[in-house]
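The values are calculated or read from the model by the stated rules, or taken from the named source; none is laboratory data. Only a predicted model underlies this, so the values are computations on that prediction, with no experimental measurement involved. In this analysis, Cβ positions are derived from the backbone assuming ideal geometry, glycine residues included, and neighbour counts consider all displayed protein chains.
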Amino acid sequence: MAFQLDPNMKLGYTQLRVLNLSKQKAYYEKLGFQLLNETENEVVFGAGSDDAVLILKQEDDSIPRPPRTTGLFHFAILVPSREALAHVIGNIAQQGVPFSGAGDHLYSEAFYLTDPEGNGVEIYHDRPKSEWTIHENGMIDTDTLPVDVEDVLSLYDPANEWTGFPKGTILGHMHLNVSVLDSQLEHFYFDVLGFDLKTNFHNSAYFVSAGGYHHHIAMNVWAGVGAPPSPHNASGLMSFSLNLSSLDKLEELRQQLRKENVSFVDEKEKIIVKDVNGNDMIFVVQL
């Protein structure tokens, strides 16, 4: 039987290498992230809870990420309802932060921003799963249609106090630029890690998940087929975490990685595996 990743897996946090920590901190505070901790070279943000969801790290040798390289396309913040989306988007707009786009993806409505260093940010809500188009083979329909922005913002009440992202907000998915969608990538995500393919978008992007979600990770070749990797010290994505539901599920993954002869860092209650871009995927247990 093929290995399957813990169906109760949820994403935890994403860590970005930044060039100007104070400027990036100010930007993300405007978006509604709540400061949990900071040091001279690191800022940790939550989003509606005390759990880390975004970590910004500045290092002395960092360089700007070159264009048309692999790495982060965007990280996506999932809010618990359409009303919550309206509250967040309305308040961000009130502060004059520009949006880079919006999309109705059939199962979700999303708004997009780009931070001062070029990192993509998505803020979205999911429609009820009963409204998704799920085929017998488990594949899920998606598209990018215009969002009825006026209808979303009709739910925005500026009289409601703005304290940042609401309770129930999480890191919903990661979207990556990759070099190729090939058998090596498929083997890593499907055979080794046990993700399920939910959407093949025009043979230019894969959307994969655990437990039937529309996607926890998306991978596209929109930076160009054969795009080179970013330098190891380039700004952008450093790592992201995946929260498993038990130590037993972590042990299952550990045994699977050994069986497939995939190298990983084993820290007993944490397993770190490099993805096809060289980014760290950090598997931990969230009880």
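For the stretch 20-69, please list each of the strands (runs of 3 or more DSSP E) lying entirely inside it that holds at least 1 residues being surrounded by 19 or more Cβ atoms within 10 Å (Cβ to Cβ) and at positive phi.
Filter on the stretch 20-69 gives an empty set.
Looking at Ser235, Ser239 in this structure, which one is out of contact with any Pro (no Cβ under 7 Å at 6 or more places or on another chain) and either of a type in the set (D, E, K, R) or in contact (Cβ under 8 Å) with a residue 12 or more places away in the chain (or both)?
Within the list Ser235, Ser239, the selection yields Ser239.
Here are some residues: Leu250, Leu181, Leu185. Which one is touching a residue at least 24 places away in the same chain (Cβ under 8 Å) and either crowded, with 20+ Cβ neighbours inside 10 Å or farther than 24 Å from Asp141 by Cα (or both)?
Leu250
Name, by its number, the condition in (1) more than 18 Å from the chain's Cα centre (by Cα); (2) at pLDDT 95 or above; (3) surrounded by fewer than 14 Cβ atoms within 10 Å (Cβ to Cβ) that does not hold for Gln95.
Against the list (1) more than 18 Å from the chain's Cα centre (by Cα); (2) at pLDDT 95 or above; (3) surrounded by fewer than 14 Cβ atoms within 10 Å (Cβ to Cβ), Gln95 comes up short only on (2).
Here is a check on your reading of the model: is Ala159 more than 16 Å from Val79 (Cβ to Cβ) and either free of Cβ contacts under 8 Å to residues at least 12 places away in the same chain or of a type in the set (Gly, Ala, Ser) (or both)?
Judged against the criteria, Ala159 is a match.
Do we have Leu72 as assigned to a helix (DSSP H, G or I) and under 19 Å from the mean Cα position of the chain (by Cα) here?
For Leu72, the condition - assigned to a helix (DSSP H, G or I) and under 19 Å from the mean Cα position of the chain (by Cα) - is not met.
If you take the residues in the stretch 130-150 that are touching a residue at least 12 places away in the same chain (Cβ under 8 Å) and loosely packed, with under 14 Cβ neighbours inside 10 Å, which one is nearest to Val208 (Cα to Cα)?
Per the criteria, the residue is Gly138.
I need the full set of residues from the stretch 103-122 which are closer than 18 Å to Phe165 by Cβ and touching a helix residue (DSSP H, G or I) at 6+ places or on another chain (Cβ under 6 Å), in order please.
Phe111, Asp115
Of the residues Gly212, Gly164, which single one is touching a Gly at 6+ places or on another chain (Cβ under 9 Å), loosely packed, with under 14 Cβ neighbours inside 10 Å and in contact (Cβ under 8 Å) with a residue 12 or more places away in the chain?
Only one candidate passes the filter, namely Gly212.
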